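Q: Could you have a look at this structure, given as structure tokens, before my questions?
Only the coordinates and a few stated rules stand behind these numbers; no lab work does. All values reported here derive from a predicted model rather than from experimental measurement. Cβ coordinates were reconstructed from backbone atoms using ideal geometry, including for glycine residues, and neighbour counts include every protein chain displayed.
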Amino acid sequence: MKTEVYLGDSREILKKFPDGYFNLIVTSPPYADARNRHYDSIIPDHFPAFMVSFHEQLWRVLADDGSFVLNIKDKVVDGIRHRYVWKTIEDLGKLGWRCVDDYLWVKPNAMPGRWKNRLRDEWEYCFHMTKAKCFAMYQETVKKPIGVWAEKRLAKLTGKSNVRHNSENNSGFGRDLRNWKEKKTVLPGNTVSVPLVGKNMGHPAVFPVGLPEFFIKLFTKPDDWVLDPFAGSGSTGIAGELLGRNVVLIDNKLEYVEVIKNRLYRLNSDSERLLYIGKNVSNFSKPSHLDSKLRISV
Ligand SMILES: C[S@@+](CC[C@H](N)C(=O)[O-])C[C@H]1O[C@@H](n2cnc3c(N)ncnc32)[C@H](O)[C@@H]1O
């Protein structure tokens, strides 16, 4: 297993990789008009074209049965939600990406506050896109306990509950509660609840390790290859390391590549496995500011 970290524009770096190399791309690009002080940001109207400029390489390096999970959030402009995120997904759809589902990352610790016209902003999209109708998915890995409700609800099944119930609108979906009687676990819904991480991670827009972890479990198996083309502080790499996947992380800012290196090195000091491939950065065996002011934790 390997974790490789590259410094550079992912559109260029990815040209070094063969077709179909990755089983999963999971990433969070720079959000429109955000973090201008830290890294390049894009105005909302230009955002779809920005994402589309990555399409050619992302499509090429993803395996035919692979998945692409794009974590992104729209923005309020002049009091209303700007829909550049929807437009981005539509444009990617026109290029062949099949948007199978919209997952939501729910933040139970979202910033409290008071707004005249809206409530707390406590979720972000994670769009699940694939190249093909059939794709790898390992649902068993994300099952959760069925919950206490089941014991009561399934104890005495009578009447309609005791037969298969077909959907009344002919959607083809039906349910048979009898099948759940002995079950201890169920599939989760398509929301992923993971708290935001605290500050001082050395990067302004870190997502919690639990977010890529969920999608890595769901769409890859051990030893598969995972890509984060906007790696930031390397949260996807940490999740991949913990789950025994091979990971490639790319960021175009030297400062963040150093953050990634230090974070990974803290987790696993086996420099044979943690490779740094690129220029202008010391290699993994000598992480630069491991004990510096950056307080980086998993
Ligand atoms: C929202 S942040 C990712 C944060 C990451 N998910 C984490 O947990 O730390 C987006 C990152 O994309 C990087 N970036 C922007 N344009 C890039 C490009 N063309 N190639 C590679 N990285 C890029 C920025 O430097 C920034 O660190």
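Q: So what is the calculated 222 nm ellipticity per residue for the chain, using -39500 (n - 2.57) for each DSSP H run with n of 4 or more, over all residues, to the nearest 500 deg cm²/dmol?
A: So the calculated ellipticity at 222 nm is -7000 deg cm²/dmol.
Q: While we're looking at this one, here's another question. Which percent, to the nearest 5, of DSSP beta bridges fully inside the chain are antiparallel?
A: 50
Q: Would you mind checking which residues have amide H under 5 Å from Asp33's amide H? H placed 1.01 Å from N; only 5 or more apart, or other chain.
A: Answer set, sorted by chain and number: Ile42, Ile43.
Q: Continuing with the same structure: Defining a contact as two alpha carbons under 8 Å apart and six or more residues distant in sequence, what relative contact order in percent does the chain show?
A: 25
Q: On alpha-carbon atoms, Rg over Rh for segment 145-186 using Kirkwood Rh?
A: Rg/Rh: 1.01.
Q: Let me ask something else about it. If amide hydrogens are placed 1.01 Å from N in the peptide plane, which non-local residues have theirs closer than 5 Å to the one on Ile25?
A: For Ile25, the qualifying residues are Ser67, Phe68, Val69, Leu227.
Q: Once the Cα gyration tensor of the chain is diagonalised, what are the square roots of 5 times its eigenvalues, in whole Å and ordered largest first, as equivalent ellipsoid semi-axes? Could you put the intermediate results ahead of the total?
A: Numbers: eigenvalues 249, 108, 88 Å².
After diagonalising the Cα gyration tensor, the semi-axes are 35, 23, 21 Å.
Q: If you don't mind, there's one more thing I want to ask. In terms of modelled amide H atoms, which long-range or inter-chain residues lie less than 5 Å from the amide H of Val77?
A: Amide H to amide H, under 5 Å and 5 or more residues apart or across chains, Val77 pairs with His82.
Q: Same structure again: Let's test this: bin the Cα-Cα distances of segment 96-190 at 5 Å from zero up to the farthest pair and state each bin's percent.
A: For segment 96-190, the binned pair fractions read 2, 9, 11, 14, 16, 16, 14, 11, 6, 2 percent.
Q: By count of other Cβ within 10 Å, fewest leading, how are His128, His46 ordered?
A: Final ranking by Cβ density, sparse to dense: His46, His128.
Q: Related question: Taking every Cα atom in segment 1-137, find the radius of gyration and the maximum pairwise distance Dmax, and write them in Å.
A: Over segment 1-137's Cα set, Rg and Dmax evaluate to 16.3, 51 Å.
Q: How big is segment 83-128 along each principal axis, measuring the range of its Cα positions in Å and listing the largest first?
A: Principal-axis extents of the Cα atoms in segment 83-128, largest first: 41, 20, 10 Å.
Q: Report the calculated FRET efficiency for Trp86 and Lys152 (r = Cβ-Cβ distance, R0 = 30 Å), to the nearest 0.05.
A: The computed FRET efficiency comes out at 0.15.
Q: Whole-Hz ³J(HN,Hα) for each residue in segment 175-181, computed from phi via Karplus 6.51 cos²θ - 1.76 cosθ + 1.60 with θ = phi - 60°, x for glycine and proline: what do you get?
A: 3J(HN,Hα) across segment 175-181, in whole Hz: 8, 9, 4, 4, 5, 9, 4.
Q: Another one. Which whole-number percentage describes the relative contact order of segment 145-186, with Cα contacts under 8 Å and a sequence gap of 6 or more?
A: Details: 37 pairs, mean separation 19.6, N = 42.
Dividing the mean separation by the residue count of segment 145-186 yields 47 percent.
Q: Further question: Find the relative contact order for segment 1-155 and round it to a whole percent, using C-alpha pairs within less than 8 Å whose residues are 6+ positions apart. Walk me through the numbers on the way to the answer.
A: Working: 205 pairs, mean separation 35.4, N = 155.
Worked out over segment 1-155, it gives 23 percent.
Q: About the Cα centre of the chain, what is the dipole size in debye to 20, counting +1 per Lys and Arg Cβ and -1 per Asp and Glu Cβ, all else neutral?
A: 1180
Q: Roughly what % antiparallel, to the nearest 5, for the DSSP beta bridges in segment 1-96?
A: So the antiparallel bridges in segment 1-96 amount to around 40 percent.
Q: Among Tyr21, Gly174, Trp59, whose Cα sits farthest toward the positive end of the charge dipole of the chain (+1 at Cβ of Lys/Arg, -1 at Cβ of Asp/Glu, about the Cα centre)?
A: Value computed over the given set: Gly174.
Q: Something else: Ranked highest first by the average count of other Cβ atoms within 10 Å around their residues, in what order do 229-239, 201-211, 144-154, 130-140 fall?
A: 229-239, 201-211, 130-140, 144-154
Q: Turning to a different aspect of this structure: Starting from the Cα of Leu177, step 7 Å along the direction of its Cβ; do the same at Leu275; then give the gap between the two resulting points in nm.
A: 5.5
Q: For Asp101 paired with Glu56, estimate the spin-label separation in nm (one decimal), with each label point 7 Å from Cα along the Cα-to-Cβ line.
A: 3.3
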